[in-house]
1. Which of the peptides 221-227, 34-40 is most tightly packed, and how do the rest follow, judged by the mean count of other Cβ atoms within 10 Å per residue?
2. Using a 7 Å offset from the Cα along the Cα-to-Cβ direction at both residue 223 and residue 275, what is the distance between the two label points in nm, to one decimal?
3. Work out how much length residue 283 to residue 231 would gain on full extension: take 0.36 nm times their residue separation and subtract the Cα-Cα distance, in nm to one decimal.
4. For Cα pairs less than 8 Å apart in space and 6+ apart in sequence, what is the mean separation divided by the residue count of region 215-293, i.e. the relative contact order in percent?
5. Quick one: Cα centre-to-centre distance for region 251-293 and region 42-63, in angstrom?
6. What is the packing order of peptides 195-201, 271-277, taking the mean over residues of other C-beta atoms within 10 Å and listing the highest first?
7. Sort 22-32, 157-167 for me by packing, meaning the mean count of neighbouring Cβ atoms within 10 Å per residue, highest on top.
8. At 7 Å along the Cα-to-beta-carbon direction for both residue 41 and residue 197, put a label point, then send me their distance in nm to one decimal.
């Protein structure tokens, strides 16, 4: 059996399509953690990205540890909006990461201090390992920062040294035609996909496992029922299809650090309820962990 571009082939035929649901932001606030743990325990989620910069991380990690065999536990690398774990005189002189817009501007202008960022991301990996006693199963980024120029090179180095065996990296690249056909927030999804081309190419060249398809981008406005969004995000999956989601229970801790609040409860209610099961069953779809080496 040969592997090509992060996926597996047998006699040049792609393996059966797979569908993995991945919840972002574990550890951000207790209410987010409660929702994600409940969904993992129920078999509704098979991956979650952890924010180790959060003050709630050590306690939330202890609660997540018993579920380690039921889902991939990854590191949600953070470089925007939240307090940093260590000193970054250039990027975060006041101890707080910049906005996404500011970070993107610096990255695209090639003005990021890579040594500074590399040291911070190492600290975030250290915090993951210290709390969970294991290496991350995958790497991705809060606000998809892991694919920005000047950051993606560091992520590739971390993937080579600090991932668990068979670990993978999230790729946000999608063909423009697939985004247009889905018809969900195509401008935002297209921008995220476009920024991901460089990382995707590097993952392929380096032979780093990664998802082949990425879905889940929308505006969190609630204008379109989440059941309808979920049906489109999970439609006709190919090999190694990853769907991003953001379930959670809203609490004071979440309101204090995030603008994305109420829509998390909308997602959680759907993912925890019978509608999700019925939606998948009607289309003969099943969820599972992302294919690994």
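1. Numbers: 221-227: 12.6, 34-40: 22.6.
Sorting 221-227, 34-40 by mean packing, highest first, produces 34-40, 221-227.
2. Computed distance between label sites residue 223 and residue 275 equals 1.9 nm.
3. Details: separation 52, 0.36 × 52 = 18.72 nm, distance 0.95 nm.
Using 0.36 nm per residue and subtracting the Cα-Cα distance, I get 17.8 nm.
4. Numbers: 54 pairs, mean separation 25.7, N = 79.
Relative contact order of region 215-293: 33 percent.
5. After rounding, the separation between the Cα centres reads 15 Å.
6. Working: 195-201: 19.1, 271-277: 15.7.
Per-residue Cβ counts within 10 Å, averaged per peptide and sorted highest first, yield 195-201, 271-277.
7. Working: 22-32: 26.4, 157-167: 15.9.
Result, highest mean Cβ count within 10 Å first: 22-32, 157-167.
8. Each label point is offset 7 Å from its Cα along the Cβ direction, giving 4.6 nm.
All of the numbers you see were taken from the coordinates with simple rules; none came from a lab. Note that the structure is predicted; figures quoted are calculated from it, not measured. Neighbour counts run over all protein chains shown; Cβ positions are idealised from the backbone, glycine included.
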